[in-house]
Amino acid sequence: MQAGVEDFERSAAAAARAIAAGKISPVELFDAYAQRIEAFDPDLNALVLPRLEEARGEAKAAEWAVSRGDDLGPLHGVPFTVKENIDVAGSATTWGVAAMAEQIASADAPMVARLREAGAIPLARTNLPDFAFRWHTESGRAGHTRNPWDPTRTPGGSSGGEAVALATGMTPLGLGNDLGGSLRLPAQMCGIAALKPSLGRVAEGAVTEPAVQPISIQRTMCAGPMARRVADLRLALEILSAPDARDPRWVPAPLQGPAVDGPVRVAVVRDPLGAGIDAHVRAGIDRAADWLADAGYEVVDAEPPQIGEATHAWVETIFADVGTIWPGMEPIAGEGVREFIDACIAKGVFTPVDQAAQLHAWVAVYQLGAAWAQFQQEHPIVLSPVCCERPWVVGEDITRVDQIAMAMRMVVPVNILGLPSCAVPVGSDEGLPQGVQLIGARFREDLVLDAAQAIEDRAPVLTPIQPRVAVSA
């Protein structure tokens with residue numbers, strides 16, 4: 001049978017069902033994505049290490065397994081892409097840094113291994129900023145990734161390559177990670193969905209450097225799935241939340257928590273701290289709140305406690321470590337991330353942190369976590385912006401870094417408190433996508449995904465899209 005336009009539009013789960021039913025072969029599905037990559041990636045620069053030859057061979061093997069009547073995994077024959085700081089055996093884990101281009105992983109990271117065990121096929125590695133440390137995707141090794149909605153606007157970072165590949169139908173499923181919005185921000189900027197799990201939900205591990213991160217990054221960075229559909233996030237989470245001996249932080253928490261008595265109350269944060277929000281973003285929040293009310297949720301305007309203090313704690317804990325290790329990283333970092341760090345310091349986003357300040361910040365995290373947990377007993381879901389700005393013009397995360405950092409004030413508390421959050425698209429306006437995030441209590445991804453599904457069921461389908469402008473023209 002011939003691969004048609006509908007093949008690359010399928011969700012990951014739908015593609016797996018079609019393969020199992022014999023409606024499409026793994027090779028035909030691979031070819032559909034390979035054609036999209038050939039057509040669009042030269043302009044978009046989302047996929048920096050394709051493994052198309054190997055993936056096609058693996059798709060043929062998957063096809064034979066179907067013909068033999070083998071037991072098939074839940075993602076049998078479905079391609080997926082992987083951010084370039086997550087190990088894929090036989091492929092370079094560069095972290096976007098040219099000096100690390102020969103750092104070949106000898107084993108898969110746990111999340112890659114779990115997807116392979118489910119039958120999925122790694123298709124390519126995706127671009128990220130150097131050391132995954134910028135809210136725009138430009139690597140010193142591979143250059144800028146371009147937003148398919150408008151190439152003059154950022155695709156977000158640091159999982160921008162994944163978001164662009166998903167938004168344009170070059171992959172149905174991706175793996176990224178989130179230190180300070182790196183899954184959710186690109187999802188907002190490109191019109192896709194992404195799940196940042198609770199700390200400890202998804203096991204991680206690396207055989208490449210840095211194999212072990214500083215404590216602040218261990219406590220804030222989480223790997224998670226990215227997709228065009230919420231159901232794919234749920235399926236991926238079920239697969240990814242298996243144990244792995246390489247990660248002592250993994251927690252055997254159930255995927256389904258206890259039922260909530262009565263309607264689930266949603267706290268809507270329309271303008272965090274009253275510090276201002278782009279009307280484009282606010283319209284998306286209002287729309288999502290109305291849809292949740294229509295779905296039977298109890299929607300109230302309320303704000304979690306001490307958002308500013310939680311944001312400050314993230315900055316203090318991260319820069320206490322980054323400020324220490326940056327002198328060793330700077331000589332091999334690309335120009336873009338060096339300018340970003342310099343701008344953060346110059347604008348006072350990052351300030352020197354001594355041991356006493358670091359200790360105080362971690363004490364505050366404990367107290368803030370308790371305060372948020374109590375708030376979420378009454379408000380199990382928080383609906384808020386991801387970034388309070390629409391996709392900004394490329395480079396403004398450097399020239400306006402203080403303003404961009406302030407616009408991320410609902411993003412980084414989720415990281416420092418170890419909470420789950422799902423970014424979901426809610427429409428588009430003025431040619432740009434709109435998205436929101438849903439924040440849950442620890443290990444209540446089930447409630448977060450339920451609310452995200454309710455929104456998706458009422459929202460227009462945004463992706464996959466054709467890139468709006470041929471930027472190489």
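For A279 and D457, what is the calculated FRET efficiency with R₀ set at 30 Å and r taken between the beta-carbons, to the nearest 0.05?
Values: r = 25 Å, r/R0 = 0.85.
That gives a FRET efficiency of 0.75.
I want the local charge near R400. Using Cβ-Cβ distances under 10 Å, sum +1 for each Lys or Arg and -1 for each Asp or Glu among the other residues. Let's see the in-between values first.
On the way: positive: K347; negative: E389, E396, D397, D402.
Overall, the nearby charge balance is -3.
At a 1.4 Å probe radius, carbon and sulfur cover how many percent of the accessible area of the chain?
Roughly 53 percent, rounded to a whole number.
Once you list every other residue whose beta carbon is under 11 Å from the beta carbon of W291, what net charge do they have if Lys and Arg are +1 and Asp and Glu are -1?
In short, -3.
Do you know the relative contact order of the chain, to the nearest whole percent, from alpha carbon pairs under 8 angstrom that are 6+ apart?
Working: 1078 pairs, mean separation 84.6, N = 473.
Relative contact order for the chain comes out at 18 percent.
Using 0.36 nm times the number of residues separating Q218 and R270, minus their current alpha carbon distance, what extension gain do you get?
15.7 nm
For the stretch 61-134, calculate the relative contact order in percent as a whole number, restricting contacts to Cα pairs under 8 Å that are 6 or more residues apart.
Values: 121 pairs, mean separation 28.0, N = 74.
That works out to 38 percent.
Using Cα pairs closer than 8 Å and at least 6 residues apart in sequence, work out the relative contact order for the stretch 97-150, in percent. Walk me through the numbers before you get to the answer.
Details: 30 pairs, mean separation 17.6, N = 54.
This gives 33 percent for the stretch 97-150.
How big is the Cα convex hull of the stretch 247-384 in projection, averaged over all directions, in nm²? Intermediate results must be reported in sequence, preceding the final value.
Numbers: hull surface 48.3 nm².
The directionally averaged projection comes out at 12.1 nm².
Distance between Cα centroids, the stretch 321-353 to the stretch 156-184: provide it in whole Å.
Their Cα centres are 23 Å away from one another.
What is the P(r) of the stretch 1-64, as percent of Cα-Cα pairs per 5 Å bin from 0?
Histogramming the stretch 1-64 at 5 Å steps yields 4, 18, 27, 25, 18, 7, 2, 0 percent.
Under the √(5λ) rule applied to the eigenvalues of the Cα gyration tensor, what semi-axes describe the equivalent ellipsoid of the stretch 1-148? Give them in Å, descending.
For the stretch 1-148, the ellipsoid semi-axes come out as 28, 18, 12 Å.
Given only helices, namely DSSP H runs of n ≥ 4 each adding -39500 (n - 2.57), what is the per-residue ellipticity at 222 nm of the chain, to the nearest 500 deg cm²/dmol?
Rounded to the nearest 500, it is -12500 deg cm²/dmol.
Give me the extension gain from A371 to E309: residue separation times 0.36 nm, minus the current Cα-Cα distance, reported in nm with one decimal.
Details: separation 62, 0.36 × 62 = 22.32 nm, distance 1.15 nm.
Extra length from A371 to E309 when fully extended: 21.2 nm.
If amide hydrogens are placed 1.01 Å from N in the peptide plane, which non-local residues have theirs closer than 5 Å to the one on G435?
V426
Between A98 and V393, what is the spin-label point distance in nm, taking each point 7 Å from the Cα along the Cα→C-beta axis?
Reported label-point gap for A98 and V393 is 2.8 nm.
What is the packing order of peptides 233-244, 292-303, 133-144, taking the mean over residues of other C-beta atoms within 10 Å and listing the highest first?
Details: 233-244: 20.5, 292-303: 15.7, 133-144: 25.3.
Descending mean neighbour count gives 133-144, 233-244, 292-303.
Could you report the accessible area of S428 in Å², rounded to 10, computed with a 1.4 Å probe on the protein chains as they sit in the structure?
Per-residue accessible area (S428): approximately 60 Å².
List, in order, the whole-Hz ³J(HN,Hα) value for each residue of the stretch 207-223 obtained from phi through the Karplus relation with A = 6.51, B = -1.76, C = 1.60 and θ = phi - 60°; use x for Gly and Pro.
Calculated HN-Hα couplings, in order: 9, 9, 7, x, 5, 10, 8, x, 4, 5, 6, 4, 8, 10, 8, 10, 7 Hz.
If all Cα-Cα distances of the chain are sorted into 20 Å bins from 0 onward, what percent lands in each bin, rounded to whole numbers?
For the chain, the binned pair fractions read 27, 61, 12, 0 percent.
For the chain, return all DSSP H helices satisfying: extent of Cα atoms along own axis at least 18 Å; mean Kyte-Doolittle hydropathy at least -1.0. Don't jump to the answer; show the numbers that get you there.
Working: long enough: 26-44 (26 Å, -0.14); 52-68 (24 Å, -0.71); 279-294 (22 Å, -0.16); 307-329 (32 Å, 0.50); 355-378 (36 Å, 0.01); 445-458 (20 Å, -0.27).
Answer set is 26-44, 52-68, 279-294, 307-329, 355-378, 445-458.
Taking amide H positions as placed in the peptide plane 1.01 Å from N, state which residues far from S139 in sequence (5 or more) or on other chains have amide H under 5 Å from it.
H144, T145
Per-residue counts of other Cβ atoms within 10 Å, averaged by peptide: what ranking do you get for 78-87, 450-459, 160-169, 361-370, highest first?
Result, highest mean Cβ count within 10 Å first: 160-169, 78-87, 450-459, 361-370.
Can you check what the Kirkwood hydrodynamic radius comes to for the stretch 359-473, Cα pairs only, in Å to one decimal?
That comes to 16.3 Å for the stretch 359-473.
So, in Å, what gap is there between the alpha-carbon centers of the stretch 234-259 and the stretch 120-153?
One Cα centre to the other: 28 Å.
What are the ³J(HN,Hα) couplings of the stretch 390-403, residue after residue, when phi is run through the Karplus curve with 6.51, -1.76, 1.60 and θ = phi - 60°? Round to Hz, x for glycine and proline.
Per residue, the Karplus-derived 3J(HN,Hα) values read 5, x, 8, 5, 3, x, 6, 5, 9, 6, 10, 4, 5, 5 Hz.
The values are calculated or read from the model by the stated rules, or taken from the named source; none is laboratory data. In this text the structure is predicted, and so the values were computed from the model without any measurement. For neighbour counting, all protein chains shown are included, and Cβ atoms are generated from backbone atoms with ideal geometry for every residue, glycine included. Quick note on the areas: whole protein, heavy atoms, side chains included, nothing else; ligands and nucleic acids left out. Shrake-Rupley method; radii C 1.70, N 1.55, O 1.52, S 1.80 Å.
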